[in-house]
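Single-structure report; data block below.
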Amino acid sequence: MSQWFWILGRVLLLVGAAASVNFFHHRYEEMVKALFDVKSACPYITRLYSIGRSVQGRQLYVLEFSDYPGIHELKPVLTHCTPYQQLRSNVSKSLTFSVEPEFKYVANMHGNEVLGRELLLQLAEFLCEEYRHGNQRITQLIHETRIHLLPSMNPDGYEVAAAQ
């Protein structure tokens, strides 16, 4: 009997979590507003920029998450020296620098691909909210990685598909 209560509790928890997420299809103007909303909610860790325009003149917006948005950071890396380097400099480790890792998610390459666009908008909201709430894993991710989200590579095709 207690197993059924445990299962019922888990289902109710999932339903409650799903009810707090706002699922609907964002047309272009709504998508842009959602991006600007995330940018204004987390201004210190986000940057909104355009990589150009679509054929019909719509901006292709990218939302970047980073502890220093817009800046390519050099991170110090301590590496072990080769035996030859150790003989020459009499040290076993050396300090080098590498660029902070970054990745880009691109969605909505074809007009009727809705799910990717919505998932990236949800991801942007999630990253912002969790960072603001002090989620340690999200904070570490944002501090150690540059994340670029392009929710719509083809906004013109999406608008044509949505109008049908």
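Below are the figures for this structure:
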quantity: Residue that is nearest to Y68 (Cα to Cα) [pool: residues in region 150-161 that are open to solvent by less than 40 Å² (accessible area, probe 1.4 Å) and of a type in the set (A, V, I, L, M, F, W, C)]; calculated: L150
quantity: Residue that is modelled with the highest pLDDT, among those in region 1-44 that are assigned to a helix (DSSP H, G or I) and polar (S, T, N, Q); calculated: S40
quantity: Answer residue from region 43-66, given it is more than 27 Å from H143 (Cα to Cα) and among the charged types (D, E, K, R) and is surrounded by the most Cβ atoms within 10 Å (Cβ to Cβ) among those; calculated: R58
quantity: From E129, E73, residue being modelled with pLDDT of 95 or more and acidic (D, E); calculated: E129
quantity: Residue pairs meeting the criteria (Cβ under 7 Å; at least 6 apart or on separate chains; first within 15 Å of P151 (Cα to Cα) and touching a residue at least 40 places away in the same chain (Cβ under 8 Å), in region 38-49; second among the polar types (S, T, N, Q) and outside any helix (DSSP H, G or I)); calculated: V38/T46
quantity: Tally, over region 114-149, of residues that are open to solvent by less than 70 Å² (accessible area, probe 1.4 Å) and free of Cβ contacts under 8 Å to residues at least 40 places away in the same chain; calculated: 9
quantity: Count of region 97-113 residues which are among the hydrophobic types (A, V, I, L, M, F, W, C) and open to solvent by 60 Å² or more (accessible area, probe 1.4 Å); calculated: 4
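The values are calculated or read from the model by the stated rules, or taken from the named source; none is laboratory data. Keep in mind that what you see is a predicted model, and the values were worked out from it rather than measured. Because the Cβ atoms are built from the backbone with ideal geometry, glycine has one as well, and the counts that use them run over all protein chains shown. Ligands, DNA and RNA are excluded from the accessible area calculation, which covers all protein heavy atoms including side chains. Shrake-Rupley method; radii C 1.70, N 1.55, O 1.52, S 1.80 Å.
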